[in-house]
Amino acid sequence: MTEPTLTTERLHLRPLVPADAPSLFEVFRLPEVARWSGQGTPMVDVSEATTRIERAPGRAGDHPAAALFATERLDTGAFVGMTLLVPLPPSAGNERRVHEVGWHLHPDAWGHGFATEAATALVQRGFDAGMSGIFAVTDPDNVRSQAVCGRLGMTDLGLTTDWYDQELRAFRLDRG
């Protein structure tokens, strides 16, 4: 897969570029988004978004299907957030090398099925490129994202500390 660009019925997913930093900052500066991501604290400066974009290729790793995507509405071109298909960072002592699908959308985009639509496209991209299974991990209290995992048909694996050096609820979807 040469160019990580996807189009769904209502969304366009494309590589993040430096010009996306202000839009990405507008998503991750919000406590209701940031609490479910990374350290759980909102961004305070657009330079943090710039750094995240600069690190995106390294975060994606070398699998041809993996990338971090700017996610935009087709009808308006509005930036609704970031979706990703990336290696899942193992916790200390865990050697499992797997990929995760994830989404971080602006609250204005919540409740419209965009996370499910984007994630479905990314899962298919991963399967088409040979991934045999794709994971998702959520904060144990993030019921909205857990509902997306359910809509994707993922199996709830329960709580685990296998990734990100913290306790998370894990989900898996197998190809075929």
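Being in a strand (DSSP E or B) and under 25 Å from Ser23 (Cβ atoms) is the requirement here; does Glu72 meet it? Spell out the reasoning first.
Details: in a strand (DSSP E or B): yes; under 25 Å from Ser23 (Cβ atoms): yes.
Yes; evaluated as a whole, the condition is true for this residue.
Considering (1) within 23 Å of Ala119 (Cβ to Cβ); (2) surrounded by fewer than 15 Cβ atoms within 10 Å (Cβ to Cβ); (3) of a type in the set (D, E, K, R); (4) in contact with a Phe, Trp or Tyr (Cβ under 8 Å, 6 or more places away or on another chain), say which one Glu32 fails and leave the rest.
(4)
Filter the stretch 7-36 down to the residues that are in a loop (DSSP other than H, G, I, E, B) and among the basic types (Lys, Arg) and list them by number.
Step one: of the stretch 7-36, the residues in a loop (DSSP other than H, G, I, E, B) are 8-10, 16-17, 29-30, 35-36.
Of everything in the stretch 7-36, those that are in a loop (DSSP other than H, G, I, E, B) and among the basic types (Lys, Arg) turn out to be Arg10, Arg29, Arg35.
Can you tell me which residues in the stretch 107-126 are under 19 Å from Ser37 (Cα atoms), surrounded by fewer than 22 Cβ atoms within 10 Å (Cβ to Cβ), free of Cβ contacts under 8 Å to residues at least 40 places away in the same chain and not hydroxyl-bearing (Ser, Thr, Tyr)?
Across the stretch 107-126, the qualifying residues are Asp108, Ala109, Trp110, Gly111.
Which one is nearest to Leu11 (Cα to Cα) among residues in the stretch 105-123 that are over 14 Å from the mean Cα position of the chain (by Cα) and outside any loop (DSSP other than H, G, I, E, B)? Before you say what the answer is, go through the steps one by one.
If we filter the stretch 105-123 for residues that are over 14 Å from the mean Cα position of the chain (by Cα), which is where we start, we get 107-113.
With the extra rule that they be outside any loop (DSSP other than H, G, I, E, B), the set shrinks to 107-109.
Details: Pro107: 16, Asp108: 15, Ala109: 11 Å.
Out of the qualifying residues, it is Ala109.
Looking only at the stretch 15-51, how many residues end up being within 16 Å of Leu84 (Cβ to Cβ) and among the aliphatic types (A, V, I, L, M)?
So the count comes out to 7.
Could you list, in sequence order, all residues of the stretch 31-41 that are of a type outside the set (Gly, Ala, Ser) and either over 17 Å from the mean Cα position of the chain (by Cα) or within 21 Å of Leu88 (Cα to Cα) (or both)?
Taking the stretch 31-41 as the starting set, the residues that turn out to be of a type outside the set (Gly, Ala, Ser) are 31-33, 35-36, 39, 41.
Hits for the stretch 31-41 are Pro31, Val33, Arg35, Trp36, Gln39, Thr41.
Please determine, by comparing only the residues of the stretch 127-167 that are in a strand (DSSP E or B) and surrounded by 19 or more Cβ atoms within 10 Å (Cβ to Cβ), which one is modelled with the lowest pLDDT. Give the steps one after another, and end with the answer.
Pass one, the stretch 127-167, residues in a strand (DSSP E or B): 133-138, 155-160, 163.
Those left that are additionally surrounded by 19 or more Cβ atoms within 10 Å (Cβ to Cβ): 134-138, 163.
On the way: Ile134: 98, Phe135: 98, Ala136: 98, Val137: 97, Thr138: 97, Trp163: 94.
Per the criteria, the residue is Trp163.
So His12 passes all but one of these: (1) out of contact with any strand residue (DSSP E or B) (no Cβ under 8 Å at 6 or more places or on another chain); (2) under 28 Å from Asp128 (Cα atoms); (3) at pLDDT 95 or above. Which condition number does it fail?
Here His12 clears every test but (1).
The values are calculated or read from the model by the stated rules, or taken from the named source; none is laboratory data. Please read these numbers as outputs of a predicted model, since none were measured by experiment. Reconstructed Cβ throughout: ideal geometry from the backbone, glycine too, with neighbour counts over all protein chains shown.
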